[in-house]
Amino acid sequence: SMHRYLVATGRPQIADASRQFAHNLRADEDARYDEVIEINLSELEPRINGPFTPDLMTPLAKFKATAQAKDWPQDISACLIGSCTNSSYEDMTRAASLAKEAMDAGLKVRSDFIVTPGSEQIRATTERDGLLEIFRQAGGTILANACGPCIGQWARHDVKKGERNTIITSYNRNFTGRNDGNPATHGFVASPEVVTAMAFGGSTSFNPITDTLTTPSGKPFKFTPPNGAELPARGFDAGQDTYQAPPANRDGVAISVSPDSQRLQLLAPFKAWDGSDIENAPILIKAKGKCTTDHISMAGPWLKYRGHLDNISNNMLIGATNSENGEANSVRNQITGAFDAVPATARYYKAHSIPWVVVGDENYGEGSSREHAAMSVRFLGGVAVIVKSFARIHETNLKKQGLLPLTFANPADYDRISPEDRLSVLGLKTLAPGSPLTLRVTKPSGEHIDIPVDHTFNENQITWFRAGSALNHIAKANH
């Protein structure tokens, strides 16, 4: 199917080249496994994930009872489909088949129904093929093909902040306050088809597989299974070409940004590694429990500062829970002893040339690929992030910014560290792929504890660290 998609989007050479490596995606003929799991696809049923986390999953058949038992708001205020992840042509045609079926029976959506095409190509193609018009006629609103509510840029006027309500989306994330900045919004994630059907049901008690709705004529209506097309029969419409090519000769190009701008700021390169180990660095925060990229660098209103690293860094780790007091955005300054906001404390250390580290829990950096979650830590003086385990993309982003993402060889060693300890990372001069480092923990009493920590740096990534960032390395290589 990927080969067909690449051909349909004008990339036949890549499609053909990929077939040369297809054998790497198949089991060896003599492969033997310790455990074999068989999945009967015909027995699978849709799931709805949430609220407040993608890790909580409820089968559709149990959603009504679970929602009642847990007192989730029953009325669905908004259903949103699309995003960069779930708006393929097949997704949209399957959702449109349900909307048209319900509309032909005389039904309109009962919840706000919002559709976000995930790309200009999808927007143009689904507009041309009449899919977006089906959604409009059913009562839906079509947004621009941009991130929008998926990253919190959703100015809701139907629900007040703090008001409990339920939304269901096919977007990427559903962490607390992620979509609308309201921590009382119970965000759920489901497939575009389930979200579309639930928009007509309007309630957590509706099961589109088994339940019926009453049409304006009084007849019962029940959805049939959705159907869709993998690829558009008329090919993809690339839509508007908004690319602006740079001038052929860039020698005379100057980038001018007002020093008073609150939205834009020219970046200064991060300093290269000084060749020394990290010695006696204070812990800015020992984060406890879930610490996603939304906790590390919140979205929503903060995204207006994406071009101003200093300003957006004022949201760094303000959502993380401090293990010392169980509070968010309140950490002890290890020099003054006073509690303050996390970014303010980091700025104090930076102003006094004191490198600091972060200690974290499981799956640190779960969520989006938000680069600011790594850039802000580096910008405000962080040098290492030491956790039980990382979300893969965030770990790589930390490496790109010249930071040290390290994991406890024994996750239980997380509990041996207290927020007031000082940490040293030893062995950086001989940093090599697969070679562990030593974390020296110095207690306030002066006692030392040596803890092994692992890393996943390869040779190329080690050059990023030594250069101070991947960008520094690239710039140096091109001179």
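The values are calculated or read from the model by the stated rules, or taken from the named source; none is laboratory data. If you're wondering where the values come from, they're calculated on a predicted model, not measured in any experiment. Cβ atoms come from the backbone with ideal geometry, glycine included; neighbour counts cover every protein chain shown. Quick note on the areas: whole protein, heavy atoms, side chains included, nothing else; ligands and nucleic acids left out. Shrake-Rupley method; radii C 1.70, N 1.55, O 1.52, S 1.80 Å.
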Exercise for the section: Spot the failing condition for residue 92; the list is (1) open to solvent by 40 Å² or more (accessible area, probe 1.4 Å); (2) at pLDDT 95 or above, and only one is missed. Expected result: (1)
Practice task
Tell me which of these residue 159 doesn't satisfy, since it passes every other one: (1) within 24 Å of residue 47 (Cα to Cα); (2) surrounded by fewer than 24 Cβ atoms within 10 Å (Cβ to Cβ); (3) of a type outside the set (Asp, Glu).
Solution key: (1)
Practice task
State whether the residues of the stretch 235-247 include one that is open to solvent by 40 Å² or more (accessible area, probe 1.4 Å), over 30 Å from the mean Cα position of the chain (by Cα) and within 30 Å of residue 67 (Cα to Cα).
Solution key: no
Fill in the blank from the handout: Sole miss for residue 304 among (1) part of a loop (DSSP other than H, G, I, E, B); (2) within 26 Å of the chain's Cα centre (by Cα); (3) not aliphatic (A, V, I, L, M) is condition (1)
Exercise for the section: Collect the residues in the stretch 205-249 that are closer than 30 Å to residue 119 by Cα, touching an Asp or Glu at 6+ places or on another chain (Cβ under 9 Å) and of a type in the set (Ser, Thr, Tyr), keeping them in residue-number order. Expected result: 224, 242
Completion exercise
When every residue in the stretch 451-463 that is open to solvent by 30 Å² or more (accessible area, probe 1.4 Å) and out of contact with any strand residue (DSSP E or B) (no Cβ under 6 Å at 6 or more places or on another chain) is compared, the one nearest to residue 404 (Cα to Cα) is 456
Exercise for the section: Select, from 284, 317, the only residue that is touching a His at 6+ places or on another chain (Cβ under 8 Å) and surrounded by 23 or more Cβ atoms within 10 Å (Cβ to Cβ). Expected result: 317
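Condition check ((1) among the basic types (Lys, Arg); (2) surrounded by 12 or more Cβ atoms within 10 Å (Cβ to Cβ)) across all residues:
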| residue | (1), (2) |
| --- | --- |
| 411 | no, yes |
| 416 | yes, yes |
| 434 | no, no |
| 445 | no, no |
| 449 | no, yes |
| 465 | no, yes |
| 469 | no, yes |
Exercise for the section: Could you please find all residues in the stretch 237-281 being touching a residue at least 40 places away in the same chain (Cβ under 8 Å), of a type in the set (Ser, Thr, Tyr) and under 16 Å from residue 309 (Cα atoms)? Expected result: 261
Exercise for the section: Identify all residues within the stretch 354-367 that are crowded, with 24+ Cβ neighbours inside 10 Å and not in a loop (DSSP other than H, G, I, E, B); write none if there are none. Expected result: 357, 358, 359, 360, 364
Exercise for the section: Please work out if residue 126 is among the hydroxyl-bearing types (Ser, Thr, Tyr) and closer than 19 Å to residue 168 by Cα. Expected result: no
Exercise for the section: Answer yes or no as to whether residue 285 is under 28 Å from the mean Cα position of the chain (by Cα) and either of a type outside the set (Ser, Thr, Tyr) or assigned to a loop (DSSP other than H, G, I, E, B) (or both). Expected result: yes
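Hey, could you check the stretch 392-402 for residues that are buried (at least 21 other Cβ atoms within 10 Å of the Cβ) and free of Cβ contacts under 8 Å to residues at least 40 places away in the same chain and say which is farthest from residue 450 (Cα to Cα)?
If we take residues in the stretch 392-402 being buried (at least 21 other Cβ atoms within 10 Å of the Cβ) and free of Cβ contacts under 8 Å to residues at least 40 places away in the same chain, then 397 is farthest from residue 450 (Cα to Cα).
Just to check your reading of the model, which residue among 444, 419 is in contact (Cβ under 8 Å) with a residue 40 or more places away in the chain, closer than 30 Å to residue 333 by Cβ and out of contact with any Leu (no Cβ under 6 Å at 6 or more places or on another chain)?
Details: 444 fails: in contact (Cβ under 8 Å) with a residue 40 or more places away in the chain.
The unique qualifying residue is 419.
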Problem - Count of the stretch 166-225 residues which are modelled with pLDDT under 95 and surrounded by 16 or more Cβ atoms within 10 Å (Cβ to Cβ) - result: 12
Exercise for the section: Keeping to the stretch 368-389, report how many residues are under 13 Å from the mean Cα position of the chain (by Cα) and either outside any helix (DSSP H, G or I) or surrounded by fewer than 20 Cβ atoms within 10 Å (Cβ to Cβ) (or both). Expected result: 4
